[in-house]
Structure formats: C-alpha cells, structure tokens
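Working notes, beginning with the structure itself.
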Amino acid sequence: MVCVPQLEVESRNKKRVFSGVQPSGSLHIGNYLGAIGRFALFQEGYDCFYSVVDLHAITVPQDPAELRRRTVATAALFIAAGLDPEKACIFVQSDNPNHAELAWVLQCIATFGELGRMTQFKDKARGKKSVTAGLFTYPVLMAADILLYDTDVVPVGEDQKQHVELTRDLAERFNKRFGVTFKVPEPLIPAQGGRIMSLTDPLRKMSKSDEDPDSRIEVLDSPEEIARKFKKAVTDSGREIVYDPEKKPAVSNLMTIYSLFSGKSLEEVRDAYEGKGYGVFKSGLAELVAEKLRPVRERYSELMSSGEIEKILKDGAERAYGISSSKMKEVKEKVGLCSRLSL
Ligand code: AMP
Ligand code: TRP
C-alpha cells in the first residue's frame, strides 16, 4: 500500500524505527531473539521500516541466484515472525537507490581511521587474503539506511552497537558542517538476548558465517534438527543448571535461550530443572524452541508458496523511496550538489 500524503503526516506523530537484516545465510535464533522476533513489538506504537539489506550482502563474495532467493526468504521470515506489512514498511534496500547515494555522501565525511576501528570489520577481515573496499565502508551504508528515514530507534543485537554509534557521529558531524539535517538515532539492544552465543563455542557469538552449522539453530530447522543440535551442544563441567556466564558460559547461554522463548525468568528456569541434569534440560529446551518456532516455519512456507511477498516488497519499496527522496534532495542541496533533472 502506497501511503497518501495525509497518512504520512499522521504517522510522523509516531517515533520511527528502522532496522535491517542481511540476506546472507539462514537466519538463526540469535537473529530471531536479538532482532527479527522483536520487530513486531514496535509495529503498533511506532512508524516502522524494516529492510532486507542486500547491498550489505555483496560486500563478501556471493552467488547471484542464491542472493535473490535469500532476499525474498528473509522478507518472508520478517512476516512469518509477526510483522504485518499493513503496519510496517518492509522493503529491499537495493530497490531504493537513495541508500547507495547517501552512503557515498557520508563516505566523504567518514574518516579512514574511524572505519578502521570497527570491530566487525576487523573480525570479518582477519585472515582474508583480499578484502573489498565495500566491506570497509559497510558501516557507512548502514548509517545511510538509518539516517534517510529520520529514525529515532534502531533495534539491533549487541554486535551492531558500534555501528549505530558511528551513525550518530556521522549525523552530528554532517549537521554541524551543513546545518541540521539528520535526526540522531538511538540503538535499542535487548537487556537479554542481544548476544546469543554459539552452541559449539559459548565464547563466540552465534553467527550465520560460522563454518559449523551445528553451532546455530536456524529458525527453519526441523524439530529433529533442533533436538540433535541442542543434544550435541557443549556444556560446562558439573551438572547443575545455574546461570553464571563467567564460570558456566555454555549452560548460561542455553538458559538465556530457554528464558527468552518461554518468557520465564532465569530463576524460574533454574528451579524447574534443579537436580535434573543437562540431558533433561536440553531435551526440554529443544521441545520448547521447536514448538515456538513451529508457527514461524508454517507461515514462512505459506508465504513462499503464495507469491504474495513480491507485491509486499514492491509496495514497501515505493513507500521507502517516496519518504527518503525528500531527505536525499535536502542532503544534496546542503552539500552543494545541484540537480538538473526534474524527477
Ligand atoms: P545479521 O545476521 O548480521 O544481518 O544480523 C541481523 C540482526 O541480528 C542484527 O540486529 C544483529 O545484531 C542480530 N544478531 C546477529 N547475531 C546475533 C546473536 N548471536 N545474538 C543476538 N543478536 C544477533
Ligand atoms: N549491519 C547490520 C548487521 O549486520 C545490518 C544492517 C544494515 C542494519 N543496515 C542496518 C541494522 C540499519 C540496523 C539498521 O546485522
């Protein structure tokens, strides 16, 4: 649905939320608990924009057909996880050319030094023979995503905090140099679940790019796969179910997952499994997670076979383009770029 201007004015009484997820690899329960599972929480009270950030996904080598498939699949998962396209704008980043254009302008105020300090870049570049310039400037594209929409709040996992801080710095720097243009956004990181750890190494975060698929539970895993992976998950010494991230990082991570999927506090989880040992706890956890993800899996399959996603993404792109174009025009005027075409 393309919004008429009147509705646009009304919706600006609400605060605006923006978040993005890359269509690289399958989404796992870290993505779900840290980000996409929370997206729907904002759709009633906020004016929401959620983007499948495919331009970010080409900063590392990709298979074109697979990227196209995953882009649509990621959007379908947004909806399967509870987003309503009538309430939130869901779109693909590359459908809106303003993102890449603003990223260029912001690259011209971001410094080499500050980008070199980004820990995600350092992690992703480590050990690689060749690293693209796109991977280096990736956080600036993320800043453009956020700043184009006058975003107030950015719900993300812990690993994106530094990128949102960079976004704030770039917004402030631009505003100071060229006059107030951008809203300075706030990151919103969940108190619990902002950093779900790997099942095979609880000192590393659960990640799409981990070579070992058993390190993560994917949102679309079957109940059997979920049970197998939790069964295989590393545990700590002893057999007590206690929350102590320092001394028992593996069990603490599993307890966090249990707590978030069940809505029970960590103390309630501990009490429920007191004296029962890791085996019983892990099979209870597997059952819980499989059951909570069942409706997401079912809705996802329906959406993928119905073909309705394409229409949703087209409408979303039109709305995103319409709203961000006035910001882009303002930016170009402020920095001295004049347009000779009347578009
Ligand atoms: P990405 O897979 O990097 O596109 O991340 C999509 C969203 O999931 C971002 O908001 C991340 O911060 C979040 N996220 C990724 N991995 C985790 C994790 N292990 N725990 C919690 N949130 C995560
Ligand atoms: N960089 C984010 C990640 O890897 C994805 C992302 C791109 C994003 N643009 C964004 C997240 C804007 C929030 C807002 O997870």
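Annotations for the structure displayed:
- Screening the candidates V234, V331 for the property of being in the same structural domain as A40 (by TED's automatic domain parsing) and either modelled with pLDDT of 95 or more or not hydroxyl-bearing (S, T, Y) (or both) yields one hit, V331.
- Count - residues of the range 140-155 that are among the β-branched types (V, I, T) and either touching a Gly at 6+ places or on another chain (Cβ under 6 Å) or surrounded by fewer than 23 Cβ atoms within 10 Å (Cβ to Cβ) (or both): 1
- Annotation note: of A76, A40, A65, the sole residue that is outside the structural domain of E291 (by TED's automatic domain parsing), open to solvent by less than 10 Å² (accessible area, probe 1.4 Å), in a helix (DSSP H, G or I) and away from ligand 2 (no atom under 15 Å from the Cβ) is A76.
- Lone unmet requirement of (1) exposed (fewer than 15 other Cβ atoms within 10 Å of the Cβ); (2) part of a loop (DSSP other than H, G, I, E, B); (3) not aromatic (F, W, Y) for G194: (1)
- Taking every residue in the range 169-191 that is in the same structural domain as M118 (by TED's automatic domain parsing) and pairing it with any residue that is aromatic (F, W, Y) and outside any loop (DSSP other than H, G, I, E, B), at least 6 positions away or on another chain, the pairs with Cβ-Cβ distances below 7 Å are T181/F174; F182/F174.
- Summed over the range 192-219, the residues that are among the hydrophobic types (A, V, I, L, M, F, W, C) and within 16 Å of ligand 2 (Cβ to nearest atom) give a count of 3.
- Scanning the range 206-262 for residues that are open to solvent by 10 Å² or more (accessible area, probe 1.4 Å), in contact (Cβ under 8 Å) with a residue 24 or more places away in the chain and among the basic types (K, R) returns K208, R216, K231, K232, R239.
- Residues within the range 42-72 that are more than 19 Å from A144 (Cα to Cα) and free of Cβ contacts under 8 Å to residues at least 40 places away in the same chain, tallied: 9
- Scanning the range 104-130 for residues that are within 22 Å of the chain's Cα centre (by Cα) and assigned to a loop (DSSP other than H, G, I, E, B) gives R117, M118.
- Residue that is surrounded by the most Cβ atoms within 10 Å (Cβ to Cβ), among those in the range 106-120 that are polar (S, T, N, Q) and closer than 22 Å to R177 by Cβ: Q107
- Among all residues of the range 121-135, there is at least one that is within 26 Å of A317 (Cα to Cα) and more than 11 Å from ligand 2 (Cβ to nearest atom).
- Only a single criterion out of (1) over 22 Å from V269 (Cα atoms); (2) modelled with pLDDT of 95 or more is not satisfied by S198, namely (1).
- Some residue of the range 121-139 being buried (at least 18 other Cβ atoms within 10 Å of the Cβ) and either under 24 Å from V219 (Cβ atoms) or hydroxyl-bearing (S, T, Y) (or both): yes
- Residues in the range 43-62 that are of a type in the set (A, V, I, L, M, F, W, C) and either within 10 Å of ligand 2 (Cβ to nearest atom) or part of a helix (DSSP H, G or I) (or both): 5 in all.
- If only residues of the range 266-315 that are hydroxyl-bearing (S, T, Y) and assigned to a helix (DSSP H, G or I) are counted, the one that is most open to solvent (accessible area, probe 1.4 Å) is S305.
- Checking T74, T111 one by one, the residue that is under 22 Å from T132 (Cα atoms), modelled with pLDDT of 95 or more and not basic (K, R) is T111 and no other.
- Leading residue by the ranking (farthest from ligand 2 (Cβ to nearest atom)) among those in the range 159-191 that are open to solvent by less than 60 Å² (accessible area, probe 1.4 Å) and in a loop (DSSP other than H, G, I, E, B): G179
- Hey, A80 away from ligand 1 (no atom under 11 Å from the Cβ), under 18 Å from R319 (Cα atoms) and among the aliphatic types (A, V, I, L, M) or not: no
The values are calculated or read from the model by the stated rules, or taken from the named source; none is laboratory data. Keep in mind the model is a prediction, meaning the values are calculated, not measured. Cβ sites come from the backbone with ideal geometry, for glycine too, and all protein chains shown count toward neighbours. What goes into the accessible areas is simple: the full protein's heavy atoms, side chains included, and nothing from ligands, DNA or RNA. Shrake-Rupley method; radii C 1.70, N 1.55, O 1.52, S 1.80 Å.
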